[in-house]
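The values are calculated or read from the model by the stated rules, or taken from the named source; none is laboratory data. It should be emphasised that the depicted structure is a prediction, and the values quoted were computed from it without experimental measurement. For neighbour counting, all protein chains shown are included, and Cβ atoms are generated from backbone atoms with ideal geometry for every residue, glycine included.
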Amino acid sequence: MSASSLLTSDQREIRDVAAAVADDHFAPCAQQWDRDRTPLPPEERERLAELDFLGITLPEEVGGQGRPLLDALVAIEEIAKRAPSAAFPVFEANAGPARHIALLGTDDQRARFLPPVIRGEKTIAVAISEPDAGSAATDLRTSAVYDGDEVVINGTKRWCTGGGHAEQYLVYVRFPQPDGSSRIGAVVVDRDQPGLTFGERERLMGFRTIPSADMFFDDVRVPRENVIVDEGGFGRLFGAFSIERLGNATMSLAIGQACLERTAAYVQERRQFGRQIVDFQSVHMAIADMVIKVERARLLIHRAAENAGTGLPDPLEASIAKCNANEMAKEVSDMAIQLHGGYGYSEEYDIERMHRDAHGWALAGGTPNMQRIRIASEYLGRRFDQRATPAGVAR
């Protein structure tokens, strides 16, 4: 029994609607959007809103549906199989920064920031990484200082997915303390806030339809009420980030499933040596491996999401799911290229695009190696500091 067969009737309905709208509206444009590096047009984001895809997990009191995380992941997979740029707003709204605000913000903040996301008017992106703070997120230096009713932000963010394109940003910042120490929190910043500028759009190997750019904060002032998580809330922020890891894993799952489906069709059409290439035993072995890897990824993701319900996933389950799905997408898309031969290396068949994107999802949100460290830490119940020990100082 596959993981898909365990879905409820409501989840199957969400899946079928997502697949139908993606087939009709997004799939025909996906390759051209990728070639032209075109972000999802605003009218298509509004279409997602009209179908209620942007508020699946968000609170009912602000216009969302308040449904479990798995319901959103089912929709994300189906849309991402056909057009990742169309799935990305669904991911960001239901498993990304908007969901973080739903879980960690005040009633007033939820009422201010979430309805525009649900209506498709705004997207909220997350800004964590910095030039010297990637995997070591707690090394971030972007500062936030209270000044009366405002917060003044200074610093630089790098690799912000949606940078310069999203209308708002959940920015991870460091609040200096009177004793010289500092603590991490998060603040919502508007794209057009004075003092905020963006670098040139990154020319990435993949993610060509999802803009990314550096962000520069020069005495950016935002209202104090935009502070979602105050100083010392890093643990709460990264607890919520487990949800984002499952959204990321689902984008990888979509790549694996799409590669599998396209390859299964191709090997039954392509003929060599007077026979379909599916008749060769080596192809059987490859297809079987692809099926196993994809189904395993889906089961791990769905387990973590099902156990999370409308709350937070177990960190161990989320990291296992992300690590496995990220590596599966790279492996399965590579196998798809091999089975397609020269066609797999051609833009015509879209397999090469999926392989490029697979590497991007493995880098975003914590690499597989960082997930392994987290998995070991959660499993053993111990925290492992990756920083070098100063000479003469014992651990």
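Odds and ends about this structure:
- Sole exception among (1) touching a residue at least 60 places away in the same chain (Cβ under 8 Å); (2) more than 22 Å from Val17 (Cα to Cα); (3) not assigned by TED's automatic domain parsing to the domain that holds Val189 for Phe91, by number: (2)
- Qualifying residue in the stretch 42-52 (condition: under 16 Å from Arg208 (Cβ atoms) and either among the basic types (Lys, Arg) or in contact (Cβ under 8 Å) with a residue 60 or more places away in the chain (or both)): no
- Scanning the stretch 282-291 turns up no residue that is in a strand (DSSP E or B) and either of a type outside the set (Asp, Glu) or more than 22 Å from Arg110 (Cα to Cα) (or both).
- The set of residues in the stretch 22-54 being within 21 Å of the chain's Cα centre (by Cα), under 25 Å from Gly66 (Cβ atoms) and assigned to a helix (DSSP H, G or I) consists of Ala22, Glu44, Arg45, Glu46, Arg47, Leu48, Ala49, Phe53, Leu54.
- Hits in the stretch 112-126 - residues which are part of a helix (DSSP H, G or I) and either out of contact with any helix residue (DSSP H, G or I) (no Cβ under 9 Å at 6 or more places or on another chain) or under 25 Å from Gly232 (Cβ atoms) (or both): Arg112, Phe113, Leu114, Pro116
- Strands (runs of 3 or more DSSP E) enclosed by the stretch 127-211 - at least 1 residues per element that are charged (D, E, K, R) and either over 26 Å from Arg112 (Cβ atoms) or under 17 Å from the mean Cα position of the chain (by Cα) (or both): 150-161
- Phe273 falls short of the stated requirement of being without any contact (Cβ under 8 Å) to a residue 40 or more places away in the chain and touching a strand residue (DSSP E or B) at 6+ places or on another chain (Cβ under 9 Å).
- Residue-level check: of (1) on the phi > 0 side of the Ramachandran plot; (2) modelled with pLDDT of 95 or more; (3) not small (Gly, Ala, Ser), Asp350 misses just (2).
Residue by residue, here is whether (1) within 30 Å of Gly232 (Cα to Cα); (2) in the same structural domain as His165 (by TED's automatic domain parsing); (3) of a type in the set (A, V, I, L, M, F, W, C) holds:
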| position | (1), (2), (3) |
| --- | --- |
| Ala27 | no, no, yes |
| Ala49 | no, no, yes |
| Glu60 | yes, no, no |
| Gly64 | yes, no, no |
| Leu103 | yes, no, yes |
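- Every listed requirement among (1) surrounded by fewer than 22 Cβ atoms within 10 Å (Cβ to Cβ); (2) touching a Leu at 6+ places or on another chain (Cβ under 9 Å) is met by Tyr146 save one, (2).
- The residues of the stretch 244-274 that are under 11 Å from Ala336 (Cα atoms), buried (at least 24 other Cβ atoms within 10 Å of the Cβ) and of a type in the set (Gly, Ala, Ser) amount to a single one, Gly256.
- Cβ pairs under 6 Å, 6+ apart, first in the stretch 222-246 and under 19 Å from Ser143 (Cβ atoms), second in a helix (DSSP H, G or I): Ile228/Ile101; Ile228/Leu104; Val229/Leu104; Val229/Arg236; Val229/Leu237
- Checklist (1) closer than 21 Å to Asp334 by Cβ; (2) out of contact with any strand residue (DSSP E or B) (no Cβ under 9 Å at 6 or more places or on another chain) applied to Leu204, failing item: (2)
- Pair list, Cβ under 7 Å, 6 or more apart: the stretch 132-149 residue in the same structural domain as Asn226 (by TED's automatic domain parsing) and farther than 19 Å from Gly366 by Cβ, other residue modelled with pLDDT of 80 or more and not in a strand (DSSP E or B): Tyr146/Arg224; Asp149/Arg224
- Selected residue (criterion: nearest to Asp218 (Cα to Cα)) from residues of the stretch 150-181 that are in contact (Cβ under 8 Å) with a residue 24 or more places away in the chain and of a type in the set (Ser, Thr, Tyr): Thr156
- Residue count for the stretch 348-388, restricted to those that are within 23 Å of Tyr266 (Cα to Cα) and of a type in the set (Phe, Trp, Tyr): 1.
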